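Right, one structure below, let's go through it.
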């Protein structure tokens, strides 16, 4: 015999423990549970914790104003641990065990793709707060961040207006940069721009001297940067020490917000352009209140950024849809949501009924020496979301899906 | 004889009868996931515990098995929908099915590849390194680098593999709707049975002449060589068997959990499995299995309670087990049992 | 063509970074056979020391002491009990690295922090910026220092004696426990110095160690256990290989190529470039 009896009892205990943890008190009728599912540990925690904080702020504000349908919102926070299967597992737990009314969560495309089948299977609602690569519109997901025609294409329009004809594309090796670069190449072909090079580095890559040598050797007018996370720090540090400047060769980034600037070092990135829909400096009455409330709750040194604002908005948009529907029941909320328009920190945000994305204003900003971002260009009005780029003839081949 | 098989039979009854009856579908699915990991752990227990080969790249084999299965599932779904191409290929801009994918439409081929593919790679790698008498720490680091390189390769080939996203959104397996609780329960029973059978087979193997040779190689490789055996062959075969188990576990994991991605087979998940085996007790196969289940459960329970604490706890657990109880739970339980027996005898 | 020529100094500078991060490992792994997965965390500790001081010159010795002290504590409290079980030290130290990483997250926050490079390091010669040259100089100094210590000082020679035959060294009156402590202190301290250096080129955050640890081990494996000249050659060779492989393909493929070359290389020289000859029967 090789299994001693204590092991057997250990397994027995374990099985019992697994059963025991299923006991759940019935949800009280004066409360509505909502799930917040972001990475609180692992590599993505840096970004996602702030989004969760912004969502918690929204929940708190809504509760202070009397809640939704006279009930208090109770957030159930789970950790996606920067691991896609964990996102799927925790989403299942929130839906089936905690029976939440809706879930706000995710950051990376991979986490969203992992959760999508779960939400479609159990017909539950997910609010996803980050700009992404488009080509998706699940009936059970609301996308409160930008799709490509509200960020990438306006960024290209800006570069074109600035007379930048020759571009170099640099990105981390995953779905968003590859899709974004396909769109950029199609745009360039239709607009007389030239792509001098396209390079990808593994996530977490920190040795950029070869890449910087390739970029500076090609002498582009501008670089379109879709690097992610820590790689940006290494890239900008090494680009700066190679002598490249924002004047001679601007690097337009779509994944660097106020949050990331400190880690990169303001010295290394000041003067470079970024494309988003919201900056801490965006001038709207709703934004003054948001920034003030956020700093009051989390500290004066904290900054607000686009994904945080999109997460903050998501809670309000859902609450508005619930009020309109008169119930938290998913199909009714989905039906009530289209056309809801709210004045948010980034300006007017409207839910599109067709693809459940938002109408959003595109903004180009320049990173300032104080670490904040100053707007230098905007699209003038909210842009209709077009995740499959159906409205752009040059993108016809991309939208095949 | 009865005494000999009683513990195994008890666990088998609990796993096959009690658990499916008592657990909610969500929890049963989690248990099925831990049991998949336990199959990998069993292989690690064999290779490391019995054979002394610390493999830090078991996730690679797990992943190969998982990807084989996922490719089959994606193809049946794409074929069924009439589009012919898996969803991620469409948004990656792939226009026709890559040749590599074509044979995976056949379930026999896909399942065969899930097990034989990892075994073949382990055979090749094992032959290369063990012939050259690369061992111990060198072998560990090489397998770890293999895991790192594999992740980069999978992520880079987005059109073929789905990149960082991996593959998800599976609907059916052999005509069964994967969303149904009854399908998931069936899958759980399959996983539990496979684990049980593999456990019995591995135990048989370890108790055979070959198993004794393996332990001898672990304890004194050169001495075994001087006796006229070929330690490289023994080690390579063992490594391949453990790789095959990991591959099978990966293939079972995919329909159970519904996703496969590079994040599941990198350096960290591979190490976590080794640690699970160490916690359970590497020298006993049952310890390896138990370790995987305990650590899997602990991770879920902890991250539900307080997320940040998990890293501290996991770290502390390694440190304590390695310094105070290198034989793991199995070692502790065995020494308690031994003491009890001793006390009774005197 | 200039881009091609430029890759040569770039390769050497990548090699210098690899050498710096691996130098400490030639001590802990090479001399003592301890697979120290917490090496990455000591690099991180060095980087955070630089962050706290915000002064490069001051940070170098400070980081050496901070990381060295952490190594010393680790050796005394845990690793000491595990000698002769190298694979167990691997798991143990990985546990330590998890704890240290989370500790850094709790102490300094999850986002990256900023370490500003001194102004005298801005600018450069040709393709190589001054900060790269600084790292190369630091690597050379580290190698010379280690070489001097091992071959020209009494302690160093005793260290080598312990590596070659622990029992015999002990019999000759060498306090092997003391030598182990010292070796671990120096090895960890060198990791701290490497941590200061990488703040010049990369991110400074809790996950910093993860980015360098696998590469560092590959250098030591390819170079041969405990062999200083092996580590130097392996680091420069891998640096150049990396630089040209990435130049001709891309960064992802370059990593895979480097791994394949190391496997192939170990076919020819299974114990790395240089082997410590010993009659011990294992």
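Where a number appears in this text, it was derived from the coordinates with a stated rule and is not lab data. The model shown is predicted, which means the values in this text are computed figures rather than measured ones. Please note: Cβ atoms are built from the backbone with ideal geometry, for glycine as well, and neighbour counts cover all protein chains shown.
Can you tell me the orientation of helix A:5-20 relative to chain A, as the angle in degrees between its alpha-carbon axis and the longest Cα principal axis, to the nearest 10?
The helix A:5-20 is inclined about 80 degrees to chain A.
Using Cβ counts within 10 Å as a stand-in for footprinting exposure, how do A:248, C:252, C:41, A:379 rank, fewest first? Could you put the intermediate results ahead of the total?
Working: A:248 10, C:252 23, C:41 32, A:379 17.
Arranged by neighbour count, lowest to highest, A:248, C:252, C:41, A:379 become A:248, A:379, C:252, C:41.
Over all distinct alpha-carbon pairs, what is the Kirkwood Rh of segment C:63-190 in angstrom?
Working: mean 1/r = 0.0568 Å⁻¹.
Evaluated on segment C:63-190, it is 17.6 Å.
Hey, how much of the P(r) for segment A:14-171 falls beyond 21 Å, as a percent of Cα pairs?
Details: 6723 of 12403 pairs.
Of all Cα-Cα distances in segment A:14-171, 54 percent exceed 21 Å.
Given segment C:12-127, report the % of alpha carbon pairs whose separation exceeds 20 Å. Write down the numbers at each step before the final one.
On the way: 3295 of 6670 pairs.
Roughly 49 percent, rounded to a whole number.
With a point put 7 Å past each Cα toward its Cβ, work out how far residue A:297 is from residue C:155 in nm, to one decimal.
Calculated label separation equals 5.4 nm.
Quick check on segment C:1-56: take the gyration tensor over C-alpha atoms, sort the square-rooted eigenvalues as a ≥ b ≥ c, and tell me if it's rounded (a/c under 1.5), prolate or oblate.
Values: a/c = 3.75, a/b = 1.43, b/c = 2.62.
Since a/c reaches 1.5 but b/c is at least a/b, the shape of segment C:1-56 is classed as oblate.
Quick one: which of A:68-75, B:118-125, B:107-114, C:63-70 comes out on top by average Cβ neighbours within 10 Å, and what's the full order, highest first? Please list the in-between numbers first.
On the way: A:68-75: 16.2, B:118-125: 21.0, B:107-114: 18.2, C:63-70: 22.6.
Put in order of decreasing packing, that is C:63-70, B:118-125, B:107-114, A:68-75.
Please compute, for peptide C:81-89, the average count of beta-carbon atoms on other protein chains lying within 10 Å of each residue's beta-carbon. Please report the intermediate quantities before stating the final value.
Values: counts 4, 3, 0, 0, 2, 4, 13, 8, 2.
Shielding by partners across C:81-89 averages 4.
Which of these, B:327, B:50, B:299, has the largest mean-square fluctuation under a Gaussian network model of chain B (Cα springs below 10 Å)?
Of B:327, B:50, B:299, the most mobile in the Gaussian network model is B:299.
What do you get for Rg/Rh of segment A:108-254 when both radii come from the Cα atoms and Rh is the Kirkwood radius? Could the numbers behind the result be given before it?
Values: Rg = 16.7 Å, Rh = 16.3 Å.
My calculation puts Rg/Rh at 1.02.
Using Cα pairs under 8 angstrom and six or more residues apart, how large is the relative contact order of segment A:132-277, in percent?
Working: 201 pairs, mean separation 37.0, N = 146.
Contact order relative to length: 25 percent.
Which one, A:384, A:64, A:374, has the greatest fluctuation when you compute a Gaussian network model over chain A with C-alpha springs under 10 angstrom?
For chain A, modelled as a Gaussian network with Cα springs under 10 Å, the answer is A:64.
Quick one: which of B:127-135, B:169-177, B:255-263 comes out on top by average Cβ neighbours within 10 Å, and what's the full order, highest first? Intermediate values should be presented prior to the final figure.
On the way: B:127-135: 18.4, B:169-177: 15.3, B:255-263: 26.0.
Ranked from most to least packed, the peptides come out as B:255-263, B:127-135, B:169-177.
Just tell me how shielded A:237-244 is by partners: mean number of partner chain Cβ atoms within 10 Å of each residue's Cβ, no decimals.
Values: counts 9, 6, 0, 4, 12, 5, 5, 0.
Whole-number average of other-chain Cβ neighbours for A:237-244 is 5.
Taking only Cα atoms and a 10 Å spring cutoff, compute GNM fluctuations for chain C and point out the largest among C:125, C:261, C:17.
Result for chain C, Cα springs under 10 Å: C:125 fluctuates most.
Compute the normalised compactness of segment B:235-340: alpha-carbon radius of gyration over 2.2 N^0.38 Å, N being the residue count.
Numbers: Rg = 15.3 Å, N = 106, 2.2 N^0.38 = 12.9 Å.
The reported ratio for this selection is 1.18.
Rank these for me by crowding, A:224, C:265, going from fewest to most other beta carbons within 10 Å. Can you show the working numbers first?
Details: A:224 28, C:265 16.
Arranged by neighbour count, lowest to highest, A:224, C:265 become C:265, A:224.
Report the Cα-based extents of segment B:216-278 along its three principal axes, largest first, to the nearest Å.
Principal-axis extents of the Cα atoms in segment B:216-278, largest first: 49, 20, 16 Å.
Compute the angle between helix A:45-64 and the longest alpha-carbon principal axis of chain A, please, reported from 0 to 90 degrees and rounded to the nearest 10.
60
If you bin the C-alpha pair distances of segment C:149-220 every 10 Å from 0, what whole percents do you get?
17, 37, 25, 18, 3
Mean shadow of segment A:177-333, computed from the convex hull of its alpha carbons, in nm²? Mind showing how you got there, number by number?
Details: hull surface 51.3 nm².
Taking the Cα atoms of segment A:177-333, their convex hull projects to 12.8 nm² on average.
Kindly provide the helix-only [θ] at 222 nm of chain A, computed as the sum of -39,500 (n - 2.57) over DSSP H runs of four or more divided by all residues, to the nearest 500 deg cm²/dmol? Write down the numbers at each step before the final one.
On the way: 13 runs with 158 residues, N = 401.
Result for chain A, helices only: -12500 deg cm²/dmol.
How far is helix A:306-325 tilted, in degrees, relative to the longest principal axis of the Cα atoms in chain A, given as a value from 0 to 90 rounded to the nearest 10?
50
So what's the gap between the Cα centers of segment C:188-219 and segment B:166-230, to the nearest angstrom?
Comparing the Cα centres of segment C:188-219 and segment B:166-230, I get a distance of 38 Å.
So what is the relative contact order of segment B:2-264, in percent, for Cα pairs below 8 Å that sit 6 or more residues apart? Write down the numbers at each step before the final one.
On the way: 361 pairs, mean separation 107.7, N = 263.
Across segment B:2-264, relative contact order equals 41 percent.
Can you give the FRET efficiency to the nearest 0.05 for residue A:390 and residue A:342, using r as the Cβ-Cβ distance and R₀ = 25 Å? If you can, show how the numbers build up before the last one.
On the way: r = 26 Å, r/R0 = 1.03.
Once the sixth-power term is evaluated, E becomes 0.45.
Can you tell me the Rg and Dmax of chain A, counting just the alpha carbons, in angstroms?
22.3, 79
For chain B, what is the mean residue ellipticity at 222 nm derived from helices alone (per DSSP H run of n ≥ 4: -39500 (n - 2.57); sum divided by total residues; nearest 500 deg cm²/dmol)? Don't jump to the answer; show the numbers that get you there.
Values: 16 runs with 255 residues, N = 346.
Roughly -24500 deg cm²/dmol at 222 nm, from the helical runs in chain B.
Equivalent ellipsoid semi-axes for segment C:134-184, as square roots of 5 times the alpha carbon gyration tensor eigenvalues: give them largest first, rounded to whole Å. All intermediate terms of the calculation are to be shown ahead of the outcome.
Numbers: eigenvalues 138, 19, 11 Å².
In descending order the semi-axes read 26, 10, 8 Å.
Measure of size requested: the Rg and Dmax of segment B:2-264, with Cα atoms as the atom set and Å as the unit; please supply both.
19.7, 62
If we sort C:128-135, A:293-300, B:286-293 on the protection proxy, mean other Cβ atoms within 10 Å, highest first, what's the order? Could you put the intermediate results ahead of the total?
Values: C:128-135: 21.4, A:293-300: 13.8, B:286-293: 29.2.
With the highest mean Cβ count within 10 Å placed first, the list reads B:286-293, C:128-135, A:293-300.
Taking each residue of A:83-94 in turn, how many C-beta atoms of other protein chains fall within 10 Å of its C-beta, and what is the average? Let's see the in-between values first.
Values: counts 6, 10, 12, 5, 1, 4, 9, 3, 0, 6, 5, 0.
What the average comes to for A:83-94 is 5.
Taking Cα pairs under 8 Å and at least six residues apart, what relative contact order does segment C:51-142 come out at, in percent? Spell out each step's value before the answer.
Numbers: 22 pairs, mean separation 27.5, N = 92.
Relative contact order here is 30 percent.
Would you calculate, for chain C, the mean residue ellipticity at 222 nm contributed by helices, counting each DSSP H stretch of 4 or more residues as -39,500 (n - 2.57) and dividing by all residues, to the nearest 500? Each step should come with its number before you reach the end.
Details: 11 runs with 202 residues, N = 282.
Mean residue ellipticity at 222 nm (helix-derived): -24500 deg cm²/dmol.
Counting other beta carbons within 10 Å of each residue's own, what order do B:341, C:76, A:344 fall into, fewest first?
On the way: B:341 10, C:76 14, A:344 24.
Fewest to most other Cβ atoms nearby, the residues stand as B:341, C:76, A:344.
Hey, what's the per residue convex hull volume over the C-alpha atoms of chain C, in cubic angstrom? Mind showing how you got there, number by number?
Details: hull volume 37.4 nm³, N = 282.
In chain C, the Cα convex hull volume per residue is 133 Å³.
For the protein assembly as shown, what does the equivalent ellipsoid look like in terms of its semi-axes, each the square root of 5 times an eigenvalue of the Cα gyration tensor, given largest first in whole Å?
Values: eigenvalues 391, 284, 139 Å².
Semi-axes, largest first: 44, 38, 26 Å.
Quick one: what Rg and Dmax do you get for segment A:213-296 from the alpha carbons, in Å?
Reported Rg and Dmax, both Å: 14.8, 48.
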